[in-house]
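Down below is the structure, laid out as C-alpha cells.
None of the figures in this text is laboratory data; all of them are computed from the coordinates on show. These figures come from a predicted structure and were not determined experimentally. Methodologically, a virtual Cβ is constructed for each residue, glycine included, from the backbone with ideal geometry; neighbour enumeration extends over all protein chains shown.
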Amino acid sequence: MKLKALIPLALFIIMLAFLGKGLFLNPREVPSPLVGKPAPAFTAPVLGNADATFSSADMKGKVWMLNMWASWCAACRDEHPLLVEMKAHGIPLYGLAYKDVEEDALAVLKEMGNPYIITADDQDGRIGIDYGVYGVPETYVIDKAGIIRYKQIGPITPLDLRDKILPLLKELEE
Amino acid sequence: MMTVRYLLRSLILMAVLAFSSVSFAADNHSSAATEARLKSLSSELRCLVCQNSTLADSDAPLAQDLRNEIRKLIDEGKTDEEVVEYLVARYGDFVTFRPPVNTSTALLWFGPFIMLLIGAVTLIVVLRKRSGTPE
C-alpha cells in the first residue's frame, strides 16, 4: 500500500485529536486576565455591620480566598456546604456578597452556616466588575503580596479543591 | 431702531444659549454625544452572560452594569481605546468582538486563509497529476 494514500487518514486522525480535546473545553468559560496581576483594591462595608469596613489592603501579608456569591444564585448554594467544610479545615475564606440584598444574604448565612471569616457587601457590583466577575460563584486565591494566583469560575468542586486549590494554598503559605 | 432690536435679540439668544448649557450639565441623563458613543462602543463589545449578544443589545444585569460603567468612563473623558482597555483588563480579549492581532491570535486570524491556500495548492497539484500532460 502506497504510503501517500495514508496521508488523508493521518490528517483525519490529527483533526480527531483536536476535536476530541475540544469536547472537553467549555466555550462559555471566560478565563481571567487578572491571574498573575495584583488583586484590585477595594474597601467595602461588612455585611450585617454597617459601621465596619473590610479592605483588600487589610489582607497584605496573608494568603486568602475571596468568594463572590449571592443569595439569588443557585450554584452558590450548591457550593456552600463545601465552603463550610473548607472553613472547618481552617482555609482563610472571605466572602463578597455580589449585588445582593443584605437581609437575604444574611438569611442564607444563618440557614446554611457562615463559611466566611468576613463577608464584604458589594451591593452595586462595582467590586465585581473590577474583578471581572461575570457569573457567580467565582473564587480567587490571593497570595501574601496581593497577587491573584488562581480564579475558580463556577462552584468549587471537591476535585478542584483537592487537585488545584489545596496544593496552591500550601505552596503560597511557605 | 433696527440695530437696537437686533442687538436685543442677539443678547437674548446668547443668554439662552449660555444658560442652556448649564441646564444640560444639571440634567440627570447624560448628553446625546455620550449616549451615541456608548451605543457605538457597546455594540462592539460582547455581553459575557449572553455571549452572542453585544453589550448594547443584552438585557442581562451585568450588561446594564457595564453600560453604566462605560457611560461613566465616557463622561470622565476617556477615549474609546481607553474604555475598551478598561474592559479587556478585567474580562480579557473575549469581551471584544474583534480579537486583537497578536502572536496568540495569529492562528485564529490567518488560519482559515492558510487552510484555503493549502487546499488550493493541493487541488492544483492533484489536478496537474491527473491531466498527465507536463506543462
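Net charge in the neighbourhood of residue B:67 (other residues with Cβ under 11 Å of its Cβ; Lys, Arg +1, Asp, Glu -1) is -2. The mean count of C-beta atoms from other chains within 10 Å of the C-beta of residues in B:57-68, rounded to a whole number, is 2.
Counting only alpha carbon atoms, the long axis of helix A:102-112 and the longest principal axis of chain A meet at about 70°. As a proxy for reagent exposure, ranking A:126, B:67, B:9 by other Cβ atoms within 10 Å from fewest up yields B:9, A:126, B:67. Shown here is the pair-distance distribution of the protein assembly as shown: with all Cα-Cα distances grouped in 10 Å bins from zero up to the longest one, the shares run 5, 19, 23, 19, 13, 9, 6, 3, 1, 0, 0 percent.
Please check: in the Gaussian network model of chain B (C-alpha springs, under 10 Å), which one of B:31, B:58, B:104 has the largest mean-square fluctuation. Top of the fluctuation ranking is B:104.
Highest mobility in the GNM of chain B, judged by mean-square fluctuation with C-alpha springs under 10 Å and restricted to B:76, B:44, B:35, is found for B:76. Split chain A at each of the chymotrypsin sites (Phe, Trp or Tyr not before Pro) in a DSSP loop with at most 16 other beta carbon atoms within 10 Å, and the longest piece is A:73-174.
Distance between Cα centroids, region B:35-92 to region A:18-80: provide it in whole Å. Centre-to-centre (Cα) distance: 21 Å. So if R0 is 41 Å, what FRET efficiency would residue B:103 and residue A:89 give, r being the distance between their Cβ atoms, rounded to the nearest 0.05? Between residue B:103 and residue A:89 the formula returns 0.50.
With a cut-off of 10 Å between beta carbons, the residues surrounding residue A:150 carry a summed charge of +1, where Lys and Arg count +1 and Asp and Glu -1.
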